[in-house]
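The values are calculated or read from the model by the stated rules, or taken from the named source; none is laboratory data. Note that the structure is predicted; figures quoted are calculated from it, not measured. Cβ atoms come from the backbone with ideal geometry, glycine included; neighbour counts cover every protein chain shown. These accessible areas exclude ligands, DNA and RNA; they are computed on the full protein's heavy atoms, side chains included. Shrake-Rupley method; radii C 1.70, N 1.55, O 1.52, S 1.80 Å.
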Amino acid sequence: MHVPDGFLDAPTSIATGAVAATAVVLSLRGARRELDDKTAPLTGLVAAFVFAVQMLNFPVGAGTSGHLLGGALAAVLVGPWTAVLCMTVVLLVQGLFFADGGITALGTNITLMGVVTVVVGWALFRLVLRLLPNRPGSAVPAAFVAALVSVPVSALCFVALYAVGGTADIPLPAVAGAMLGWHVLIGIGEAVITALTVGSIMAVRPDLVHGARHLLASRELTVRTSPLATKGRAS
């Protein structure tokens with residue numbers, strides 16, 4: 001979904017740049033409440049993983065590309081504020097050193113992939129958790145839904161931006177069909193990967209999943225006493 005230079009007009013690019021800058025400033029403050037001894041090391045791993053999957057691009061059409069986004073996964077693992085910073089760093093590196101997305105469109109790309117996916121993914125994750133039983137295992141289907149929906153919503157936001165300030169000589173229906181069609185499929189793939197990743201971490205270190213920590217607090221510790229120990233005390 002990396003938007004190239006010149007695909008949107010200057011007012012639209014400036015507006016999305018302002019949105020991205022505001023989100024980053026707010027995230028720098030909010031991340032202080034999320035980062036701790038457990039989250040900080042995981043943040044680097046999440047950024048590296050998102051960077052790797054986003055580098056696998058394939059053409060969608062009209063000068064844009066499609067790939068996994070990773071915003072919902074990052075939000076679930078390290079929290080929404082930290083996730084925005086992770087996504088921003090990834091997009092900065094891609095744009096400046098790998099020519100993946102335009103420099104003038106950096107604000108647009110951060111807004112679409114680093115803000116929309118995180119906000120939508122985190123909101124849906126929390127909403128689904130409220131509808132499911134209050135147990136750690138609920139984090140997996142919640143993460144699946146979050147990733148599944150966040151990707152096409154981000155694509156839909158791009159279509160809206162193109163409708164407002166698109167400069168390419170391509171009809172809006174063609175852009176909408178290509179973006180939404182491909183990103184629904186991408187969302188399915190990302191949902192599966194997100195659920196598998198969250199499920200794997202929950203199986204070994206559930207305390208590392210930021211979005212599921214409050215679920216762990218609800219677990220009851222059950223101590224089982226062996227029959228031999230009971231007999232020994234009785235005698």
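Each residue in the range 148-174 was checked for being under 19 Å from H2 (Cβ atoms) and in contact with a Gly (Cβ under 7 Å, 6 or more places away or on another chain), and 5 pass. The set of residues in the range 144-158 that are open to solvent by less than 10 Å² (accessible area, probe 1.4 Å) and either within 12 Å of G181 (Cα to Cα) or not hydrophobic (A, V, I, L, M, F, W, C) (or both) comprises S150, V151, S154, A155. In this entry, V3 passes the filter for residues that are open to solvent by less than 20 Å² (accessible area, probe 1.4 Å) and either under 21 Å from T194 (Cβ atoms) or modelled with pLDDT under 90 (or both).
I'm checking my understanding of the structure. Among residues of the range 165-180 that are assigned to a helix (DSSP H, G or I) and in contact with a strand residue (DSSP E or B) (Cβ under 8 Å, 6 or more places away or on another chain), which one is nearest to A15 (Cα to Cα)?
Going residue by residue through the range 165-180, those that are assigned to a helix (DSSP H, G or I) are 165, 172-180.
Checking which are in contact with a strand residue (DSSP E or B) (Cβ under 8 Å, 6 or more places away or on another chain) leaves us with 165, 172, 174-175, 178-179.
Working: G165: 11, L172: 20, A174: 24, V175: 21, A178: 24, M179: 21 Å.
By that ranking, first place goes to G165.
Residues in the range 37-51 that are more than 13 Å from the chain's Cα centre (by Cα) and open to solvent by less than 50 Å² (accessible area, probe 1.4 Å): T39, L42, G44.
Yes/no matrix, rows are residues, columns are (1) in contact (Cβ under 8 Å) with a residue 12 or more places away in the chain; (2) open to solvent by 10 Å² or more (accessible area, probe 1.4 Å); (3) polar (S, T, N, Q):
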site	(1), (2), (3)
A72	yes, no, no
V78	yes, no, no
L85	yes, yes, no
V89	yes, yes, no
Q94	yes, no, yes
I103	yes, yes, no
L106	yes, yes, no
N109	yes, no, yes
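Given the residues V145, V140, V159, V153, which is the only one that is farther than 19 Å from V175 by Cα and out of contact with any Leu (no Cβ under 6 Å at 6 or more places or on another chain)?
Values: V145 fails: out of contact with any Leu (no Cβ under 6 Å at 6 or more places or on another chain); V159 fails: farther than 19 Å from V175 by Cα; V153 fails: farther than 19 Å from V175 by Cα.
From the options V145, V140, V159, V153, the qualifying one is V140.
Would you confirm whether or not the range 117-130 contains a residue that is in a helix (DSSP H, G or I), surrounded by 24 or more Cβ atoms within 10 Å (Cβ to Cβ), in contact (Cβ under 8 Å) with a residue 60 or more places away in the chain and not hydrophobic (A, V, I, L, M, F, W, C)? No - not one qualifying residue is present in the range 117-130.
Given (1) surrounded by 15 or more Cβ atoms within 10 Å (Cβ to Cβ); (2) at pLDDT below 95; (3) more than 14 Å from L77 (Cα to Cα), identify the lone condition not met by K231. Against the list (1) surrounded by 15 or more Cβ atoms within 10 Å (Cβ to Cβ); (2) at pLDDT below 95; (3) more than 14 Å from L77 (Cα to Cα), K231 comes up short only on (1).
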